[in-house]
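Enquirer: Next up is a structure, given as structure tokens.
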6 protein chains.
Amino acid sequence: MPTRYPFPELNTLPEDIKAKVLEVQEKAGFVPNVFLALARRPAEWRAFFAYHDALMLKEESGNPSGSLTKGEREMIVTTTSAANKCLYCVVAHGAILRIHEKKPLVADQVAVNHRKADISPRQRAMLDFAMKVCLQSDQIEDADFEALQAHGFDDEDAWDIAAITAFFGLSNRMASFSGMQPNPEFYLMGRVPKPPKAPQPV
Amino acid sequence: MPTRYPFPELNTLPEDIKAKVLEVQEKAGFVPNVFLALARRPAEWRAFFAYHDALMLKEESGNPSGSLTKGEREMIVTTTSAANKCLYCVVAHGAILRIHEKKPLVADQVAVNHRKADISPRQRAMLDFAMKVCLQSDQIEDADFEALQAHGFDDEDAWDIAAITAFFGLSNRMASFSGMQPNPEFYLMGRVPKPPKAPQPV
Amino acid sequence: MPTRYPFPELNTLPEDIKAKVLEVQEKAGFVPNVFLALARRPAEWRAFFAYHDALMLKEESGNPSGSLTKGEREMIVTTTSAANKCLYCVVAHGAILRIHEKKPLVADQVAVNHRKADISPRQRAMLDFAMKVCLQSDQIEDADFEALQAHGFDDEDAWDIAAITAFFGLSNRMASFSGMQPNPEFYLMGRVPKPPKAPQPV
Amino acid sequence: MPTRYPFPELNTLPEDIKAKVLEVQEKAGFVPNVFLALARRPAEWRAFFAYHDALMLKEESGNPSGSLTKGEREMIVTTTSAANKCLYCVVAHGAILRIHEKKPLVADQVAVNHRKADISPRQRAMLDFAMKVCLQSDQIEDADFEALQAHGFDDEDAWDIAAITAFFGLSNRMASFSGMQPNPEFYLMGRVPKPPKAPQPV
Amino acid sequence: MPTRYPFPELNTLPEDIKAKVLEVQEKAGFVPNVFLALARRPAEWRAFFAYHDALMLKEESGNPSGSLTKGEREMIVTTTSAANKCLYCVVAHGAILRIHEKKPLVADQVAVNHRKADISPRQRAMLDFAMKVCLQSDQIEDADFEALQAHGFDDEDAWDIAAITAFFGLSNRMASFSGMQPNPEFYLMGRVPKPPKAPQPV
Amino acid sequence: MPTRYPFPELNTLPEDIKAKVLEVQEKAGFVPNVFLALARRPAEWRAFFAYHDALMLKEESGNPSGSLTKGEREMIVTTTSAANKCLYCVVAHGAILRIHEKKPLVADQVAVNHRKADISPRQRAMLDFAMKVCLQSDQIEDADFEALQAHGFDDEDAWDIAAITAFFGLSNRMASFSGMQPNPEFYLMGRVPKPPKAPQPV
């Protein structure tokens, strides 16, 4: 389908956005489409990536000693994005999940059915909570937090799980509504023994 | 229920957040709970309000000549937050909607059933699009954009509607999961002839 | 929208209906629209209000020593009518709920999400049962009655909760299908310190 | 399962209810359980059967010149009661439907899938409207009335269809919640060439 | 409606199919429509009936010592076919269910609401498992097998329940999509004291 | 999770099944788990693969001149299996889809959201029909066939689409209920330039 929201030219972007785009390109070898798709709205772009980094980069997050690994954060994104049927996020974050977890099969597994995935019981509990925030947030109750605590997740971890789910619910809706397509590079990343480079985590 | 995520003390907050909280209090006469509830995570707080302002304050938005009024933006928030059963957002943004639209009944109407609300056909089309982004974003197609165009909404307006819906989908999940309660002041605002002051729009 | 089912002229109504309409007007200061909307079908009107009174006026009900207060009956109506997205009943009965419970915020709370409302655990159990009768009556089982009993509701109370839910399920469908609008007076009732008069409970 | 709400003894019933029960027994050869199940609450019983007669007995209804036949009224009941999974109403009203329509197969057909039933296009439109009132009454719009008009149903007929659906939605919930069982006699009625007698239509 | 997929002439069918059709006709007194409806695709026909017999004829099945009776197998078919709203299978297999269980009411009961049917707790557990395989197979977990074991069903019985449900999910979709109608003979079978003959179980 | 239904030893299998397993292993380089998982029930195994071949091998099918390519058949399987959240079928048939269509990205696309996949309008119509058979087979109507005809699919093609969807609905339920896992080999097949060998299409 023709693009309803074409990407802006790199040279027309504000300096901070342009710099970030070039940095990502340097690291990953290509520019993930979300960086260009949102750039047509610079204020939204800045808020989006600030939010992303506050949740996904553990060391910069509001819970730097939290128990969620980078891979687990991506596992939440992949699973809930599949529930929202968001092609961009399932493919792009599935790639990063494979790389961080060093498990080439796990992304496809959680995207299709997290109940059948080869993950730990702790990760299963994490994804059950995330799926409830994704699909029935109005019904979250004390019992849901207790199910997390049984696996060592405290209330700050619960906040991380919920906030990642909520943020990517936003991302899923923006990508789906606007027809954002994943870069072809993402589909194969982390599936073959040696990925060329560490990708940019968005 | 006891608060799982207590509000931080004002004096413990970073200066920029503290300043914003005091400014809001000055304007509205009270501090909407979302400003304190999210403040325990400063980086998330900053991203959240930056995103909010980029979407809700038309003059600062990425579409300053867009056709959505402030009241219509709040109408989208109230309607989709009701679909997500988010108590905080329905009550708080319903208040702001009443004030901006100068219609004391409209917030309750769109929260219960936007199809029965006393709104224009253009606003009805706007809300139909927003509800589809809220509940079935994977199924948005060209026909949905065409239904908007029939009422004078262009693709930038569509982006505004979708982005507001997506952002408050995030907000709804954060408020519901964490048990955020609306301030009592919101419930009555805009219902009686003279509200005391213009509220802070969050 | 134009009225598909216009109200009959007061003078064309049968005497008993006319007398009741005037009595309600005297008490409440206005005639709630449901009294006129249904009056075009006198036999249905009489059955409807007889059923209403048998369920909502405790002293005239089949369970005069039951434990549901008038406010709790209205709480059931408001909550389940919101699940059915019935504008008339949420607004009109929300008003009466606020007055009987003397809690100006509770109607908006249960209408948006009864799980987040400031109500007692007993009222929460009552509303959980009502919502199951409203949305999944085919799945009601012994465990649902036991959950009520744990809060002191016996089988006659359970009948009251179910019958009120079932009756207003009828009312919701009639109001929604026919486009019945709540009187503007209802929206503000019970929100401000001194409501002008006791309203007619329909 | 043991009966949670046992039937009252006939002799303990108020005279008017007792008289009606005996009359029904005389006509049908047995007492349909709904007459006894609801009799424990006389005021509710009277309202229920008054409402029933106002909708189902065309000559006593508010639309005596309406176009719905008795059989079509029962067809609406059977179809929507199946959507609500109400055993009592599907079996009891399916029996009366077979008798009135003189079609021994039609009740099973509409109960399983009205789209595959051997009915007229007009009846199909009638049932489509009824099913929308039953399951999505908040979404009824002008187009739904127009679809009826294309088959000769005017707004009074639409009211009949909606009111019958709404009333039996009440009946379905009462029967399901209380465990009301259909009398064994209903299952076979209208299936064999000569039913013994005309049944009582409830 | 006109038949989109007309039945082939008996004489045009391959010998093995023709022989089976004649055998069924001899036994049941008529040819159940499924035998002719699928015969237009001989290879599919053969696989379909081979699969059917492998599941429904206990002595020929992969679990000849399993605990499911023939009646219980038909009970699974009738219940799950009703969930899929398949007219052919509900009517045809409801007939066979009545005959095998010698209970003229049970088919209508499980088709409308298996929770209200006059069946044993063991059969209720069997149907709960079948309904989960029918509607939420992705969510089957250990607890579902344990609920079966509590009633004496081992893992081979669970396989039987699941496979029967899965196979008739196929059958339901074929019948509904192609407009297959049940033979009129099925509607009355097993309802009256003496059915003329044992029917062919498809 | 431990295997509830362990695979039988190859040497214990009937000769015909053993021969087929060895043939598949020779062709594909490994034995797809479905061949062993179902082999514990030989009669079911034979019917399953006979049905499979009758639908998926065009030249042996009941519609040898039909317009569905092998790749399109696999596209239907992958899309509807994702709707049923069946891990085995999405991964295994996604692999075969990539190979037949020679499009390494298409399987992930249709599995997440067929509306966003890079496929032809004709294939989109094919998948829309398949998804309706998968999820709402009771609602298939003439208009659905007409939508296919607009893209050149005749009624025999519609049968193929429906039958493939129905058969894999069976397969999905068997795989999900029994915990069947895809072979690791499938995940990468058809993604890298030269797959080692042509795989066995199940």
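The values are calculated or read from the model by the stated rules, or taken from the named source; none is laboratory data. The model shown is predicted, which means the values in this text are computed figures rather than measured ones. Every residue, glycine among them, receives a Cβ derived from its backbone with ideal geometry; neighbour counts consider all protein chains shown. Calculation scope for accessible area: heavy atoms of the full protein, side chains included, ligands and nucleic acids excluded. Shrake-Rupley method; radii C 1.70, N 1.55, O 1.52, S 1.80 Å.
Enquirer: Test E:Glu101 against the criterion of being within 14 Å of chain F (Cβ to nearest Cβ), at pLDDT 95 or above and open to solvent by 10 Å² or more (accessible area, probe 1.4 Å), and give yes or no.
Expert: no
Enquirer: Moving on. Which one is farthest from F:Asp53 (Cα to Cα) among residues in the range E:24-61 that are without any contact (Cβ under 8 Å) to a residue 24 or more places away in the chain and over 17 Å from the mean Cα position of the chain (by Cα)?
Expert: E:Glu26
Enquirer: Conditions: (1) touching a His at 6+ places or on another chain (Cβ under 6 Å); (2) not in a helix (DSSP H, G or I). E:Thr78 meets all but one. Number of the miss?
Expert: Only one criterion in (1) touching a His at 6+ places or on another chain (Cβ under 6 Å); (2) not in a helix (DSSP H, G or I) is unmet by E:Thr78, namely (2).
Enquirer: Would you confirm, using the coordinates I've provided, whether D:Ala50 is open to solvent by less than 10 Å² (accessible area, probe 1.4 Å), at pLDDT 95 or above and touching a helix residue (DSSP H, G or I) at 6+ places or on another chain (Cβ under 7 Å)? Spell out how you get there, then give the answer.
Expert: On the way: open to solvent by less than 10 Å² (accessible area, probe 1.4 Å): no; at pLDDT 95 or above: yes; touching a helix residue (DSSP H, G or I) at 6+ places or on another chain (Cβ under 7 Å): yes.
Criteria not met by D:Ala50.
Enquirer: Is there a residue in the range C:162-174 that is aromatic (Phe, Trp, Tyr) and surrounded by fewer than 20 Cβ atoms within 10 Å (Cβ to Cβ)?
Expert: No, the range C:162-174 contains no residue that is aromatic (Phe, Trp, Tyr) and surrounded by fewer than 20 Cβ atoms within 10 Å (Cβ to Cβ).
Enquirer: Being of a type outside the set (A, V, I, L, M), more than 12 Å from chain F (Cβ to nearest Cβ), more than 18 Å from F:Ser61 (Cβ to Cβ) and in a loop (DSSP other than H, G, I, E, B) narrows it down to one of E:Phe30, E:Phe35, so name that one.
Expert: E:Phe30
Enquirer: Also: Can you name every residue in the range C:147-168 that is away from chain D (no Cβ under 11 Å) and among the aliphatic types (A, V, I, L, M)?
Expert: C:Ala147, C:Leu148, C:Ala150, listed by residue number.
Enquirer: Which residue out of D:Asp144, D:Asp128 is under 30 Å from E:Tyr88 (Cβ atoms) and within 9 Å of chain C (Cβ to nearest Cβ)?
Expert: From the options D:Asp144, D:Asp128, the qualifying one is D:Asp144.
Enquirer: (1) at the interface with another protein chain (Cβ under 7 Å from one of its Cβ atoms); (2) crowded, with 19+ Cβ neighbours inside 10 Å: which one isn't true of C:Pro182, the others all being true?
Expert: (1)
Enquirer: Anything in the range E:38-59 that is more than 8 Å from chain F (Cβ to nearest Cβ), part of a helix (DSSP H, G or I) and more than 30 Å from E:Lys102 (Cβ to Cβ)? List them, or say none.
Expert: E:Trp45
Enquirer: For the range D:8-27, how many residues meet the condition of being within 14 Å of chain C (Cβ to nearest Cβ) and outside any helix (DSSP H, G or I)?
Expert: 3
Enquirer: Kindly evaluate E:Asp155 against the criterion of being surrounded by fewer than 16 Cβ atoms within 10 Å (Cβ to Cβ) and either modelled with pLDDT of 95 or more or farther than 27 Å from F:Lys132 by Cα (or both).
Expert: Working: surrounded by fewer than 16 Cβ atoms within 10 Å (Cβ to Cβ): yes; either modelled with pLDDT of 95 or more or farther than 27 Å from F:Lys132 by Cα (or both): yes.
Judged against the criteria, E:Asp155 is a match.
Enquirer: Scan B:Gly62, B:Gly66 and give me the residue that is more than 8 Å from chain A (Cβ to nearest Cβ), touching a Lys or Arg at 6+ places or on another chain (Cβ under 7 Å) and not basic (Lys, Arg).
Expert: B:Gly66
Enquirer: When you look at C:Thr69, is it of a type in the set (Ser, Thr, Tyr), more than 29 Å from A:Glu141 (Cβ to Cβ) and surrounded by fewer than 24 Cβ atoms within 10 Å (Cβ to Cβ), yes or no?
Expert: Here the answer is no, as C:Thr69 does not meet what is asked.
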